[in-house]
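A.B. asks: To start, I am sharing the structure in question, which I have written as structure tokens.
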Amino acid sequence: MRFLLAASLPVLLGPPISAAPFIVAHRGASHDAPENTLPAFELAWKQGADAIEADFHLTSDGKLVCIHDADIKRVTGVSKIVAKSTLDELRALDAGAWFKPEWKGTRLPTFAEVASTVPPAGKFYVEIKSGPETARVLVREMGRTKLKPTQVVIISFDKAAIAASKKLAPDIRAFWLSSFRDTGPLDPSADGVLATLREIKADGFSSKADKRIDAAFVARIRDGGFEYHCWTIDDPKVARKFLGLGAGSVTTNRPGVLRARLAD
Ligand code: G3P
Ligand code: CA
């Protein structure tokens, strides 16, 4: 059915998707459970995600804690700077009740806890939110898990964090993240992205799903020998566009719904 429709309405449906889309659960199944918590990651696997994406900061005692913001106020109601607090201090607070009362009692997870949810065929996109010093801790922690290097992808907006990760663990894929200047032509441009990827020895680029991204942009990145990925897409039409352009994965808050809608 999709084939027939696609033949007659290519503009409405977007380019056909040649292979099963690779779906990454952004902060877990964060539309349905509190972001960056074990329930969100466990739900993501249940919803059929191929990978989970999780954000990590370094605590004052040098541990990794899974949280997006540098201050925990948004998800706990209590203002505390992660970099100035110990892991135990942070884990004493409730990080689930803000989302829905049923998640009351949920704690901020450690790296090991999040890693332990990853099934043998699953992948783990680990985002470094603190600086390049995080890479050493991350690589050490990874070595203590059952994960194979091929299951892990390190991602970061911080170029130095990606460069440090590739130096310490060249066999683990690492993607540089970037959004774009709001107006005008894409900035960074494809040439700018390529220069950065070469400089920091990244394996790929993962961008915000900006409307201005087109086939030529993605082709430039891929023809340069790098992977291209994108975030955060809940709309199947947008996901179709990016998969059609050659994105290797789509990161979404709704892995189950997006997969079902892409199969329609
Ligand atoms: O996968 C990349 C994406 O997670 C980056 O944005 O702010 O949600 O961490 P953010
Ligand atoms: Ca993230």
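A.B. asks: Would you work out the charge dipole size for the range 22-152 about its Cα centre, treating the Cβ of every Lys and Arg as +1 and the Cβ of every Asp and Glu as -1, and quote it to the nearest 20 debye?
C.D. replies: 220
A.B. asks: Additional query: Report the per residue volume, in Å³, of the convex hull enclosing the C-alpha atoms of the chain.
C.D. replies: Taking only Cα atoms, the chain has a hull volume of 131 Å³ per residue.
A.B. asks: Give Lys100/Lys237; Lys148/Lys241; Lys46/Lys84; Lys123/Lys167 a once-over and call out the pairs whose C-alpha atoms are over 25 Å from each other.
C.D. replies: Listed pairs above 25 Å: Lys100/Lys237; Lys148/Lys241; Lys46/Lys84.
A.B. asks: What is the spin-label model distance, in nm, from Thr183 to Glu113 if the labels are put 7 Å beyond Cα along the C-beta direction?
C.D. replies: The modelled label-to-label distance comes out at 4.5 nm.
A.B. asks: Then there is this: In the range 171-202, whose amide N lies under 15 Å from the spot 7 Å out along Cα-to-Cβ of Thr232? List them in ranges.
C.D. replies: 178-179
A.B. asks: Relative contact order of the range 77-233: what whole-number percent is it, with Cα pairs under 8 angstrom and at least 6 residues apart?
C.D. replies: 14
A.B. asks: Taking the Cα centre as origin and putting +1 on Lys and Arg beta-carbons and -1 on Asp and Glu beta-carbons, what dipole magnitude results for the range 20-262, to the nearest 20 debye?
C.D. replies: It comes to approximately 280 debye.
A.B. asks: Follow-up. How many nm is it between the label spots at Lys148 and Ala83, if each spot is 7 Å from the Cα in line with the beta carbon?
C.D. replies: If labels sit at Lys148 and Ala83, their model points lie 3.7 nm apart.
A.B. asks: In nm, what is the difference between 0.36 nm times the number of residues separating Lys167 and Asp214 and their Cα-Cα distance?
C.D. replies: 13.7 nm is the gain from fully extending Lys167 to Asp214.
A.B. asks: Find, among the trypsin sites (Lys or Arg not before Pro) in the range 111-171, those assigned to loop by DSSP (not H, G, I, E, B) with at most 12 other beta-carbon atoms within 10 angstrom.
C.D. replies: Of the trypsin sites (Lys or Arg not before Pro), the ones in loops of the range 111-171 whose Cβ has at most 12 other Cβ atoms within 10 Å are Arg144, Lys146.
A.B. asks: Sticking with this structure for a sec: Between the DSSP loop rule and a limit of at most 11 other Cβ atoms within 10 Å, which chymotrypsin sites (Phe, Trp or Tyr not before Pro) in the range 67-127 are left?
C.D. replies: In loop regions of the range 67-127 (DSSP not H, G, I, E or B), there are no sparsely surrounded chymotrypsin sites (Phe, Trp or Tyr not before Pro).
A.B. asks: Report ³J(HN,Hα) in whole Hz for each residue of the range 63-70, in order, from the Karplus equation J = 6.51 cos²θ - 1.76 cosθ + 1.60 where θ = phi - 60°; Gly and Pro get x.
C.D. replies: 9, 9, 10, 8, 6, 7, 7, 6
We did not get these values from a lab; they are worked out from the coordinates using the rules stated. Bear in mind that the values here come from a model prediction, so they are computed numbers and not experimental data. Please note: Cβ atoms are built from the backbone with ideal geometry, for glycine as well, and neighbour counts cover all protein chains shown.
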